[in-house]
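First comes the structure, then the notes that go with it.
The values are calculated or read from the model by the stated rules, or taken from the named source; none is laboratory data. Keep in mind that what you see is a predicted model, and the values were worked out from it rather than measured. Here the Cβ positions follow ideal geometry from the backbone for every residue, glycine too, while neighbour counts run over all protein chains shown.
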Amino acid sequence: MSGIPFYAKRWVSGATMPEALERISTLNSKKISVTLDLLGENITNLDQAKACTNEYVLMLEEISKRNLSSHVSVKLTMLGLDVNEDVCFENLKAILSKADELGNRVALDMEGTPYTERTLRIYEAAAGQFKSPEIVLQAYLHRTEKDIERVLKANGRMRLCKGAYKEKPEHALQKMPDILANYKKLMQRLLKEANRICIASHDDSIIDFCKSEIFANKVPNERYEFQMLYGMRAKTWETLASEGHNMTVYLPYGEHWQAYYSRRLAERKENIFFVLRNLFRD
Ligand SMILES: Cc1cc2nc3c(=O)[nH]c(=O)nc-3n(C[C@H](O)[C@H](O)[C@H](O)COP(=O)(O)OP(=O)(O)OC[C@H]3O[C@@H](n4cnc5c(N)ncnc54)[C@H](O)[C@@H]3O)c2cc1C
(Lines give C-alpha, C1' and ligand atoms only; values in the text may rest on other atoms or scores of the structure.)
Protein backbone atom coordinates (compact mmCIF):
# COMPACT_ATOMS: atom_id res chain seq x y z
CA MET A 1 0.00 0.00 0.00
CA SER A 2 1.48 3.35 -1.06
CA GLY A 3 2.26 5.87 1.68
CA ILE A 4 1.47 8.83 -0.58
CA PRO A 5 -1.65 10.81 0.43
CA PHE A 6 -4.39 11.06 -2.21
CA TYR A 7 -3.83 14.80 -2.79
CA ALA A 8 -0.15 14.26 -3.71
CA LYS A 9 -0.68 11.17 -5.86
CA ARG A 10 -1.21 13.28 -8.96
CA TRP A 11 2.48 14.24 -8.86
CA VAL A 12 4.14 11.30 -7.08
CA SER A 13 4.14 7.83 -8.66
CA GLY A 14 4.35 5.89 -5.40
CA ALA A 15 6.30 5.37 -2.21
CA THR A 16 8.60 2.63 -3.50
CA MET A 17 10.85 1.80 -6.46
CA PRO A 18 8.75 -1.20 -7.64
CA GLU A 19 5.69 1.10 -7.93
CA ALA A 20 7.72 3.58 -9.99
CA LEU A 21 9.19 0.85 -12.22
CA GLU A 22 5.67 -0.43 -12.93
CA ARG A 23 4.66 3.10 -13.97
CA ILE A 24 7.68 3.42 -16.27
CA SER A 25 6.64 0.25 -18.04
CA THR A 26 3.14 1.66 -18.68
CA LEU A 27 4.54 4.95 -19.99
CA ASN A 28 7.07 3.16 -22.20
CA SER A 29 4.21 1.23 -23.82
CA LYS A 30 2.95 4.64 -25.02
CA LYS A 31 6.41 5.55 -26.42
CA ILE A 32 7.05 7.86 -23.47
CA SER A 33 10.41 7.71 -21.73
CA VAL A 34 11.06 8.61 -18.09
CA THR A 35 13.56 10.38 -15.90
CA LEU A 36 13.24 8.69 -12.51
CA ASP A 37 13.68 10.69 -9.32
CA LEU A 38 13.96 9.51 -5.73
CA LEU A 39 12.32 12.21 -3.59
CA GLY A 40 14.29 13.75 -0.74
CA GLU A 41 16.66 16.70 -0.49
CA ASN A 42 18.83 18.63 1.97
CA ILE A 43 20.01 15.48 3.67
CA THR A 44 21.99 16.21 6.86
CA ASN A 45 23.43 12.79 7.51
CA LEU A 46 26.04 11.04 5.36
CA ASP A 47 24.65 7.55 6.08
CA GLN A 48 21.37 8.67 4.56
CA ALA A 49 23.23 10.15 1.58
CA LYS A 50 24.98 6.80 1.07
CA ALA A 51 21.65 4.94 1.27
CA CYS A 52 20.23 7.25 -1.42
CA THR A 53 23.33 6.71 -3.57
CA ASN A 54 22.83 2.94 -3.29
CA GLU A 55 19.18 3.32 -4.23
CA TYR A 56 20.18 5.23 -7.40
CA VAL A 57 22.67 2.52 -8.34
CA LEU A 58 19.95 -0.10 -7.83
CA MET A 59 17.53 2.02 -9.89
CA LEU A 60 19.98 2.03 -12.82
CA GLU A 61 20.44 -1.75 -12.51
CA GLU A 62 16.68 -2.37 -12.42
CA ILE A 63 16.08 -0.08 -15.41
CA SER A 64 18.67 -2.02 -17.36
CA LYS A 65 17.50 -5.48 -16.17
CA ARG A 66 13.90 -4.70 -17.17
CA ASN A 67 14.98 -3.05 -20.43
CA LEU A 68 13.07 0.13 -19.58
CA SER A 69 13.46 3.44 -21.35
CA SER A 70 14.42 5.65 -18.44
CA HIS A 71 17.31 7.68 -17.14
CA VAL A 72 17.56 9.19 -13.64
CA SER A 73 17.49 12.65 -12.06
CA VAL A 74 19.25 13.39 -8.79
CA LYS A 75 19.60 16.36 -6.43
CA LEU A 76 23.08 16.90 -5.05
CA THR A 77 21.73 17.87 -1.60
CA MET A 78 20.38 14.31 -1.45
CA LEU A 79 23.93 13.01 -1.93
CA GLY A 80 25.28 15.09 0.96
CA LEU A 81 26.16 18.49 -0.57
CA ASP A 82 25.07 20.32 2.63
CA VAL A 83 27.37 18.13 4.73
CA ASN A 84 30.54 17.46 2.77
CA GLU A 85 31.12 18.37 -0.89
CA ASP A 86 33.86 15.73 -1.39
CA VAL A 87 31.64 12.93 -0.09
CA CYS A 88 28.80 14.23 -2.25
CA PHE A 89 31.06 14.05 -5.33
CA GLU A 90 32.17 10.50 -4.41
CA ASN A 91 28.50 9.47 -4.10
CA LEU A 92 27.73 11.05 -7.47
CA LYS A 93 30.71 9.27 -9.01
CA ALA A 94 29.33 5.89 -7.87
CA ILE A 95 26.06 6.67 -9.67
CA LEU A 96 27.75 8.01 -12.82
CA SER A 97 30.09 5.08 -13.04
CA LYS A 98 27.12 2.65 -12.93
CA ALA A 99 25.30 4.78 -15.54
CA ASP A 100 28.37 4.79 -17.82
CA GLU A 101 28.71 1.03 -17.43
CA LEU A 102 25.04 0.56 -18.44
CA GLY A 103 24.99 3.26 -21.14
CA ASN A 104 22.49 5.43 -19.27
CA ARG A 105 22.21 9.15 -18.35
CA VAL A 106 22.12 11.04 -15.03
CA ALA A 107 20.59 14.51 -14.80
CA LEU A 108 21.69 16.77 -11.94
CA ASP A 109 18.57 18.68 -10.93
CA MET A 110 19.20 22.33 -10.11
CA GLU A 111 18.18 23.52 -6.64
CA GLY A 112 18.08 27.06 -5.19
CA THR A 113 20.82 29.68 -5.73
CA PRO A 114 22.88 28.66 -2.67
CA TYR A 115 23.68 25.52 -4.71
CA THR A 116 23.97 26.84 -8.29
CA GLU A 117 27.74 27.40 -8.44
CA ARG A 118 28.61 24.19 -6.56
CA THR A 119 26.26 22.09 -8.70
CA LEU A 120 27.77 23.53 -11.86
CA ARG A 121 31.32 22.96 -10.58
CA ILE A 122 30.58 19.34 -9.67
CA TYR A 123 28.90 18.78 -13.04
CA GLU A 124 31.97 20.21 -14.86
CA ALA A 125 34.30 17.90 -12.93
CA ALA A 126 31.99 14.93 -13.57
CA ALA A 127 31.66 15.69 -17.28
CA GLY A 128 35.46 15.47 -17.56
CA GLN A 129 35.41 11.90 -16.20
CA PHE A 130 32.08 10.34 -17.22
CA LYS A 131 29.78 10.19 -20.26
CA SER A 132 26.52 10.12 -18.31
CA PRO A 133 26.08 13.52 -16.58
CA GLU A 134 23.82 16.32 -17.71
CA ILE A 135 22.79 19.43 -15.81
CA VAL A 136 19.69 21.54 -15.33
CA LEU A 137 19.80 25.30 -15.86
CA GLN A 138 17.04 27.73 -14.91
CA ALA A 139 15.92 30.46 -17.34
CA TYR A 140 14.88 32.83 -14.53
CA LEU A 141 18.44 33.27 -13.21
CA HIS A 142 20.45 36.25 -14.50
CA ARG A 143 23.59 34.10 -14.54
CA THR A 144 22.22 31.35 -16.79
CA GLU A 145 23.30 32.87 -20.10
CA LYS A 146 26.93 32.73 -18.88
CA ASP A 147 26.47 29.28 -17.34
CA ILE A 148 25.39 27.97 -20.73
CA GLU A 149 28.90 28.76 -22.02
CA ARG A 150 30.35 26.53 -19.30
CA VAL A 151 27.96 23.67 -20.05
CA LEU A 152 28.62 23.89 -23.79
CA LYS A 153 32.35 23.68 -23.05
CA ALA A 154 31.90 20.70 -20.67
CA ASN A 155 29.68 18.23 -22.56
CA GLY A 156 26.81 20.32 -23.91
CA ARG A 157 24.11 18.19 -22.26
CA MET A 158 21.42 19.96 -20.28
CA ARG A 159 17.80 20.51 -19.37
CA LEU A 160 16.42 24.05 -19.46
CA CYS A 161 13.51 24.85 -17.13
CA LYS A 162 12.07 28.17 -15.90
CA GLY A 163 13.11 27.62 -12.25
CA ALA A 164 10.99 26.50 -9.31
CA TYR A 165 12.60 28.10 -6.23
CA LYS A 166 11.75 31.49 -4.75
CA GLU A 167 14.70 33.75 -5.62
CA LYS A 168 15.48 37.41 -4.92
CA PRO A 169 15.44 40.01 -7.75
CA GLU A 170 19.25 40.28 -7.61
CA HIS A 171 19.42 36.63 -8.66
CA ALA A 172 16.38 36.03 -10.80
CA LEU A 173 13.85 37.59 -13.14
CA GLN A 174 10.56 37.97 -11.27
CA LYS A 175 7.97 38.51 -13.99
CA MET A 176 6.66 35.58 -16.02
CA PRO A 177 6.77 37.40 -19.41
CA ASP A 178 10.48 38.20 -18.81
CA ILE A 179 11.21 34.58 -17.80
CA LEU A 180 9.38 33.32 -20.87
CA ALA A 181 11.30 35.67 -23.19
CA ASN A 182 14.62 34.62 -21.65
CA TYR A 183 13.68 30.93 -21.88
CA LYS A 184 12.98 31.28 -25.60
CA LYS A 185 16.14 33.29 -26.24
CA LEU A 186 18.34 30.72 -24.46
CA MET A 187 16.53 27.78 -26.02
CA GLN A 188 16.95 29.19 -29.53
CA ARG A 189 20.71 28.96 -29.05
CA LEU A 190 20.65 25.60 -27.28
CA LEU A 191 18.63 23.93 -30.02
CA LYS A 192 21.43 24.86 -32.39
CA GLU A 193 24.47 24.25 -30.18
CA ALA A 194 23.74 21.75 -27.39
CA ASN A 195 24.61 18.08 -27.79
CA ARG A 196 21.42 17.15 -25.96
CA ILE A 197 18.81 19.69 -24.87
CA CYS A 198 15.83 18.75 -22.74
CA ILE A 199 12.94 21.20 -23.11
CA ALA A 200 11.35 21.08 -19.66
CA SER A 201 8.07 22.98 -19.71
CA HIS A 202 4.29 22.53 -19.81
CA ASP A 203 3.87 25.92 -21.43
CA ASP A 204 2.24 25.79 -24.89
CA SER A 205 4.01 28.97 -25.91
CA ILE A 206 7.39 27.30 -25.27
CA ILE A 207 6.37 23.99 -26.84
CA ASP A 208 5.11 25.70 -30.02
CA PHE A 209 8.20 27.92 -30.19
CA CYS A 210 10.52 24.91 -29.88
CA LYS A 211 8.61 22.88 -32.43
CA SER A 212 8.97 25.64 -35.01
CA GLU A 213 12.69 26.12 -34.21
CA ILE A 214 13.27 22.35 -34.46
CA PHE A 215 11.51 22.30 -37.80
CA ALA A 216 13.21 25.43 -39.18
CA ASN A 217 16.70 24.28 -38.14
CA LYS A 218 16.14 20.57 -38.89
CA VAL A 219 17.32 19.70 -35.36
CA PRO A 220 17.94 15.93 -35.38
CA ASN A 221 15.79 13.81 -33.11
CA GLU A 222 18.70 12.52 -31.04
CA ARG A 223 19.67 16.07 -29.99
CA TYR A 224 16.51 17.11 -28.12
CA GLU A 225 13.59 15.90 -26.04
CA PHE A 226 10.49 17.42 -24.49
CA GLN A 227 10.13 16.84 -20.76
CA MET A 228 7.15 17.29 -18.45
CA LEU A 229 6.38 16.44 -14.86
CA TYR A 230 4.34 13.38 -13.97
CA GLY A 231 0.77 14.55 -13.32
CA MET A 232 0.88 17.46 -15.76
CA ARG A 233 -0.57 17.34 -19.30
CA ALA A 234 -0.68 13.59 -19.94
CA LYS A 235 -2.53 13.93 -23.27
CA THR A 236 0.15 16.35 -24.51
CA TRP A 237 2.88 13.75 -23.75
CA GLU A 238 1.10 11.34 -26.06
CA THR A 239 0.55 13.96 -28.76
CA LEU A 240 4.22 14.96 -28.80
CA ALA A 241 5.31 11.31 -28.86
CA SER A 242 2.89 10.52 -31.68
CA GLU A 243 4.30 13.46 -33.66
CA GLY A 244 7.71 11.75 -33.49
CA HIS A 245 9.34 13.90 -30.79
CA ASN A 246 11.24 12.30 -27.91
CA MET A 247 9.01 12.71 -24.85
CA THR A 248 10.23 12.15 -21.31
CA VAL A 249 8.23 12.33 -18.09
CA TYR A 250 9.91 13.29 -14.81
CA LEU A 251 8.66 10.59 -12.45
CA PRO A 252 9.25 11.04 -8.71
CA TYR A 253 8.73 8.39 -6.07
CA GLY A 254 9.49 8.02 -2.38
CA GLU A 255 8.23 8.87 1.08
CA HIS A 256 9.76 12.37 1.17
CA TRP A 257 7.22 13.98 -1.14
CA GLN A 258 6.42 17.15 0.85
CA ALA A 259 9.01 19.63 -0.52
CA TYR A 260 8.43 18.55 -4.12
CA TYR A 261 4.65 18.75 -3.70
CA SER A 262 4.88 22.22 -2.12
CA ARG A 263 6.95 23.49 -5.08
CA ARG A 264 4.33 22.19 -7.50
CA LEU A 265 1.63 24.16 -5.67
CA ALA A 266 3.74 27.28 -5.16
CA GLU A 267 5.52 27.69 -8.48
CA ARG A 268 2.87 29.99 -9.94
CA LYS A 269 0.51 32.23 -8.03
CA GLU A 270 -2.47 30.89 -9.99
CA ASN A 271 -1.43 27.32 -9.30
CA ILE A 272 -3.86 26.36 -6.56
CA PHE A 273 -6.82 27.53 -8.67
CA PHE A 274 -5.12 26.25 -11.77
CA VAL A 275 -4.82 22.75 -10.27
CA LEU A 276 -8.50 22.76 -9.40
CA ARG A 277 -9.52 24.10 -12.82
CA ASN A 278 -7.27 21.73 -14.78
CA LEU A 279 -7.67 18.57 -12.78
CA PHE A 280 -9.53 16.97 -15.67
CA ARG A 281 -7.88 18.83 -18.54
CA ASP A 282 -5.12 17.13 -20.55
C1 LIG B 1 10.94 17.75 -16.50
C2 LIG B 1 11.06 18.92 -15.58
C3 LIG B 1 12.16 19.00 -14.74
C4 LIG B 1 12.32 20.11 -13.91
N5 LIG B 1 13.45 20.22 -13.15
C6 LIG B 1 13.65 21.34 -12.43
C7 LIG B 1 14.89 21.57 -11.73
O8 LIG B 1 15.81 20.75 -11.75
N9 LIG B 1 15.01 22.74 -11.05
C10 LIG B 1 14.02 23.68 -11.01
O11 LIG B 1 14.21 24.73 -10.40
N12 LIG B 1 12.84 23.47 -11.64
C13 LIG B 1 12.63 22.34 -12.34
N14 LIG B 1 11.44 22.17 -13.00
C15 LIG B 1 10.29 23.08 -12.72
C16 LIG B 1 10.30 24.30 -13.61
O17 LIG B 1 11.38 25.13 -13.28
C18 LIG B 1 8.99 25.10 -13.50
O19 LIG B 1 8.82 25.54 -12.20
C20 LIG B 1 7.75 24.33 -13.90
O21 LIG B 1 7.98 23.46 -14.98
C22 LIG B 1 6.62 25.32 -14.30
O23 LIG B 1 6.96 26.03 -15.47
P24 LIG B 1 6.30 25.64 -16.88
O25 LIG B 1 7.10 26.27 -17.95
O26 LIG B 1 6.16 24.19 -16.97
O27 LIG B 1 4.83 26.20 -16.87
P28 LIG B 1 4.09 27.25 -15.94
O29 LIG B 1 4.87 28.51 -15.88
O30 LIG B 1 3.68 26.59 -14.65
O31 LIG B 1 2.80 27.45 -16.81
C32 LIG B 1 2.83 28.21 -18.02
C33 LIG B 1 1.60 27.86 -18.87
O34 LIG B 1 1.67 26.46 -19.23
C35 LIG B 1 0.37 25.93 -19.34
N36 LIG B 1 0.21 24.80 -18.41
C37 LIG B 1 1.02 24.51 -17.36
N38 LIG B 1 0.57 23.38 -16.76
C39 LIG B 1 -0.52 22.98 -17.45
C40 LIG B 1 -1.43 21.88 -17.31
N41 LIG B 1 -1.32 20.95 -16.35
N42 LIG B 1 -2.46 21.79 -18.19
C43 LIG B 1 -2.60 22.71 -19.15
N44 LIG B 1 -1.79 23.76 -19.33
C45 LIG B 1 -0.76 23.89 -18.50
C46 LIG B 1 -0.59 27.05 -19.00
O47 LIG B 1 -0.96 27.67 -20.18
C48 LIG B 1 0.27 27.99 -18.17
O49 LIG B 1 -0.20 29.31 -18.16
C50 LIG B 1 11.30 21.11 -13.87
C51 LIG B 1 10.20 21.02 -14.72
C52 LIG B 1 10.07 19.96 -15.57
C53 LIG B 1 8.90 19.91 -16.51
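Taking the listed residues S69, S13, S33, the one that is under 18 Å from Q227 (Cβ atoms), touching a residue at least 12 places away in the same chain (Cβ under 8 Å) and surrounded by fewer than 17 Cβ atoms within 10 Å (Cβ to Cβ) is S69, with no other qualifying. Could you go through the stretch 73-93 and let me know if any residue there is part of a loop (DSSP other than H, G, I, E, B), crowded, with 23+ Cβ neighbours inside 10 Å and more than 16 Å from the ligand (Cβ to nearest atom). The answer is yes; a qualifying residue exists. Of the numbered criteria (1) within 15 Å of the ligand (Cβ to nearest atom); (2) in a helix (DSSP H, G or I); (3) within 30 Å of E55 (Cβ to Cβ), the one E222 fails is (1). When S69 is tested against (1) within 16 Å of the ligand (Cβ to nearest atom); (2) in contact with an Asp or Glu (Cβ under 7 Å, 6 or more places away or on another chain); (3) not acidic (D, E), exactly one condition is not met: (2).
Taking every residue in the stretch 206-230 that is closer than 30 Å to L21 by Cβ and without any contact (Cβ under 8 Å) to a residue 24 or more places away in the chain and pairing it with any residue that is in a loop (DSSP other than H, G, I, E, B) and within 12 Å of the ligand (Cβ to nearest atom), at least 6 positions away or on another chain, yields no pair with a Cβ-Cβ distance below 7 Å. Among the residues of the stretch 6-30, the ones that are out of contact with any helix residue (DSSP H, G or I) (no Cβ under 9 Å at 6 or more places or on another chain), under 23 Å from C52 (Cβ atoms) and modelled with pLDDT under 85 come to 1 in all. Taken residue by residue, the stretch 210-231 has at least one member that is of a type in the set (A, V, I, L, M), more than 27 Å from L120 (Cβ to Cβ) and at pLDDT 95 or above. Scan the stretch 225-251 for residues that are at negative phi and either of a type in the set (G, A, S) or more than 10 Å from the ligand (Cβ to nearest atom) (or both) and the total you get is 11.
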